[in-house]
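Engineer: Okay, here's the structure, questions in a sec.
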Amino acid sequence: MRPGRFTLPQKRGKFVSTFIVFFILSIIFLILFQTPLGSSFGGFLDSTIRPFQRSTYVLYAGESDETERERLQKENQRLHVDLAKQQELEREIKALHDQFNTPSISPEHLIPAQIVGIKGFVPGFSIPSEMILDVGSRQGVRIGQVVVSNDIVVGRITHVSAQASKVDLTTKEGFSLTAKDSHTGALGIIQGQGGGIMLLENVLLSDTLEKDDLIVTKGSMDEQGQGIPPNLVLGKIISVNKKASQLFQSAEVVPLVDVSKLSTVFILDQS
Amino acid sequence: MVLFTFVLLFILALLLESTLTTVPLVLLALLCLAVARKKTWIFPLAFFSGILLDILLVRVVGLTSLFFLVYLFFVLLYDRKYEIRTLPFIMVSAFVGTLLYGVLFSLPMLFIQAIISSFVAGGVFMIFTRTTGVRDSKGFQRV
């Protein structure tokens, strides 16, 4: 038998007391960080450790020079947005509306944000469902605000801290928004399904949905002008599910933006 | 040197989980450390890593720490009844832990992640025990 130092397992009492101390400390932190003082301390910690997260993400995503393919993809996105605006304009002229609804967003209503984290099951392969931005309540970010890239909806703010915020992407399970077909005006609800797909549901059978139609936000603004503006592009229909025996029809919608290629997005501030 | 390497790997797990992946790497690292070492410092480590994760992932601060602490406590409770420093125990604990973590924090593809996590934890545990000379012989460890 080889000589060596052997230790008996730690005494149970020490384990339990250490656990209880840190358990109580966790509860104290849980309560403390809901207070303004705790928030400030959290903001200080955030500003200290956030650069490491940002550096890790930049290391992974890389400083990419725009390739020809990416330039064409951006151009394609811009054309889709312009097409949605054009279709909306045509509908309004056709229906003799006297109010011209401008879907473009003025720059002073946009808060620029750098992406510091995009989490997927397998980075680079799985389609992400959330992302972390480096702006928070101190920069005017609030829960419920829409996040866009080139006038295309990317997601919505769900959690905010002093210096950072979390975004649920449009394809995440549980994401929902009222939407309409930009070509036919058919109304429905966009629901994230996970796996990079959205479903436009609760569309009346009498309405028309066509493949390759653009789906845009219907808009839900209150009297103060806050909320989600209309006619922001959500995605494009890839298939329609319509059965005469059902009450409603639905359509599969894919987003026009590959969020894993983004480094900067904009938060829509309607205040 | 080994300890320094594992500290670096722990920090890497923290950064990867906060930036790129939904796999609970920090939970798996804590599980392997707790079972391999059975020391009380696992609790402060779990507490501080939970706080950091909550800040980086914009969650309610303190929630992840609470989960880590309770989870590790229950894992170490099994030390009384079973020999926990075994590969099957690590893999089952990682599977259950990931399921619970995923339900609490709404992880996608939960079942698959739990399976992957159990294999990752098993691999990490095997590497850790072989590089640090920890033996699982009936409750005694050679340090």
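Engineer: Pull up the cross-link candidates among the lysines for B:Lys38, meaning alpha carbon to alpha carbon under 17 Å and not fewer than 8 places away within one chain.
Structural biologist: Cα-Cα hits under 17 Å: A:Lys11, A:Lys14, B:Lys81, B:Lys138.
Engineer: I would also like to ask the following. For B:Lys81, B:Lys39, A:Lys14, A:Lys236, which order do you get if you count the other beta carbons within 10 Å of each Cβ and list the fewest first?
Structural biologist: On the way: B:Lys81 7, B:Lys39 16, A:Lys14 11, A:Lys236 20.
Ascending Cβ contact count within 10 Å gives the list B:Lys81, A:Lys14, B:Lys39, A:Lys236.
Engineer: Note down the magnitude of the dipole of region B:38-136 about its Cα centre, charges +1 on Lys and Arg C-beta and -1 on Asp and Glu C-beta and zero elsewhere, to the nearest 20 debye.
Structural biologist: Details: 8 positive and 4 negative charges, 52 e Å.
The dipole of region B:38-136 has a size of about 240 debye.
Engineer: Let me ask something else about it. Stick to the Cα atoms of region B:1-63, pair each with every other, and give me the Kirkwood hydrodynamic radius in Å at one decimal. Spell out each step's value before the answer.
Structural biologist: Details: mean 1/r = 0.0830 Å⁻¹.
Hydrodynamic radius (Kirkwood, Cα pairs) of region B:1-63 is 12.1 Å.
Engineer: Could you work out how far apart the two model spin labels at A:Gln34 and B:Phe119 are, taking each label as a point 7 Å from the Cα in the direction of the beta carbon, and quote it in nm?
Structural biologist: 4.1 nm
Engineer: Using Cα-only point scatterers and the Debye equation, what is log10 of I(q)/I(0) for region B:70-127 at each q in 0.23, 0.29 Å⁻¹, rounded to two decimals?
Structural biologist: Summing over Cα pairs of region B:70-127 leads to -0.90, -1.15.
Engineer: Going down the list A:Lys85/A:Lys218; A:Lys119/A:Lys236; A:Lys119/A:Lys218, which pairs span over 18 Å between their C-alpha atoms?
Structural biologist: Values: A:Lys85/A:Lys218 13 Å; A:Lys119/A:Lys236 24 Å; A:Lys119/A:Lys218 29 Å.
Listed pairs above 18 Å: A:Lys119/A:Lys236; A:Lys119/A:Lys218.
Engineer: First check a/c for the protein assembly as shown, with a ≥ b ≥ c the square roots of the eigenvalues of its C-alpha gyration tensor; if it is under 1.5, answer rounded, and if not, answer prolate when a/b is larger than b/c or oblate otherwise. Could the numbers behind the result be given before it?
Structural biologist: Working: a/c = 2.56, a/b = 2.18, b/c = 1.17.
Prolate, because a/c is 1.5 or more and a/b exceeds b/c.
Engineer: Rank these for me by crowding, A:Leu89, B:Leu3, B:Leu53, A:Leu204, going from fewest to most other beta carbons within 10 Å. Let's see the in-between values first.
Structural biologist: Working: A:Leu89 16, B:Leu3 8, B:Leu53 22, A:Leu204 12.
The fewest-first ordering by Cβ neighbours comes to B:Leu3, A:Leu204, A:Leu89, B:Leu53.
Engineer: Under 15 Å from the Cβ of B:Val124, count the other residues' Cβ atoms, weight Lys and Arg +1, Asp and Glu -1, and hand me the total. Mind showing how you got there, number by number?
Structural biologist: Values: positive: B:Arg37, B:Arg85, B:Arg130; negative: B:Glu17.
Taking every Cβ under 15 Å from that of B:Val124, the sum is +2.
Engineer: Please compute one quarter of the surface area of the Cα convex hull for region A:113-218 and express it in square nanometres.
Structural biologist: On the way: hull surface 29.1 nm².
Directional mean of the projected Cα hull area for region A:113-218 stands at 7.3 nm².
Engineer: Can you run the Rg to Rh ratio on chain B? Use alpha carbon positions and the Kirkwood inverse-distance Rh. Before the final figure, lay out the partial values.
Structural biologist: On the way: Rg = 14.3 Å, Rh = 15.2 Å.
Using only Cα positions, Rg/Rh for chain B is 0.94.
Engineer: Sort A:Ser250, A:Ser47 so the one with the fewest other Cβ atoms within 10 Å of its own Cβ comes first. Before the final figure, lay out each step's value.
Structural biologist: Working: A:Ser250 20, A:Ser47 14.
So the residues, fewest neighbours to most, are A:Ser47, A:Ser250.
Read-outs throughout are calculated quantities, based only on the coordinates presented, and are distinct from any laboratory measurement. Quick caveat: nothing in here was measured; it's all calculated off a predicted structure. Neighbour counts run over all protein chains shown; Cβ positions are idealised from the backbone, glycine included.
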